[in-house]
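Chemist: Pasting in a structure now, in structure tokens, and then I'll have a few things to ask.
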Amino acid sequence: EGAARTLDGVAMGLPALLRALKLQKRLSRVGFDWGATGPVLDKLAEEIAELNAAETDDDKEDEFGDLLFVMVNLARHWGIDPEAALRRTNAKVERRFARVEDRLGAEGRTPNEATLDEMDALWNAVKAAEKAKL
């Protein structure tokens, strides 16, 4: 059967971002890792270019997965929990869009009755108001 492999035992049932993080930690332990964030950022740019060049749906999904994997790697290098970061962003989107809906509701409208440009302008106003409170 042979010796255990580096990535053996990383649970398949984990959320994908957490599993990517655990795979990368295992790879790092055996030296398959960049020592700094610069090369990770370079790899990120490379993966974005490959995603932009992808032509088929399968290629796009593949390249998108590669991009997410590199983003998890960057998070690891910066000491960011990617699951927590995405949960935080999800909460921010929910909070901000609720405020967009509130502002539209004050005009007697729903998102379905607004244009993307109108909603984007409201989003930017909500974002600016949040940042002004910081």
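The values are calculated or read from the model by the stated rules, or taken from the named source; none is laboratory data. In this text the structure is predicted, and so the values were computed from the model without any measurement. Using ideal geometry, Cβ is built from the backbone for each residue, glycine included, and neighbour counts are taken over all protein chains shown. We work out accessible area using only protein heavy atoms, side chains counted, and drop any ligands, DNA or RNA first. Shrake-Rupley method; radii C 1.70, N 1.55, O 1.52, S 1.80 Å.
Chemist: Hey, could you check the range 68-103 for residues that are of a type in the set (Gly, Ala, Ser) and under 11 Å from the mean Cα position of the chain (by Cα) and say which is nearest to residue 128 (Cα to Cα)?
Modeler: The residue in question is 85.
Chemist: Return the pairs, sorted by first residue and then second, in which the second residue is of a type in the set (Ser, Thr, Tyr), the first residue lies in the range 91-103 and is at negative phi, the beta carbons are less than 9 Å apart, and the residues are 6+ apart or on different chains.
Modeler: Listed pairs, sorted by first residue: 101/110.
Chemist: Filter the range 98-117 down to the residues that are open to solvent by less than 70 Å² (accessible area, probe 1.4 Å) and in a helix (DSSP H, G or I), then identify the one that is nearest to residue 75 (Cα to Cα).
Modeler: 98
Chemist: Tell me the residue from 8, 59 that is of a type in the set (Asp, Glu) and part of a helix (DSSP H, G or I), please.
Modeler: On inspection, the qualifying residue turns out to be 59.
Chemist: When you go through 107, 63 one by one, which is the residue that is at pLDDT 95 or above, charged (D, E, K, R) and closer than 23 Å to residue 17 by Cβ?
Modeler: Checking each option against the conditions leaves just 63.
Chemist: Out of 48, 80, report the one residue that is part of a loop (DSSP other than H, G, I, E, B) and among the β-branched types (Val, Ile, Thr).
Modeler: 80
Chemist: Further question on the same structure: Limited to the range 28-54, what total is found for residues that are surrounded by 13 or more Cβ atoms within 10 Å (Cβ to Cβ) and in contact with a helix residue (DSSP H, G or I) (Cβ under 9 Å, 6 or more places away or on another chain)?
Modeler: 14
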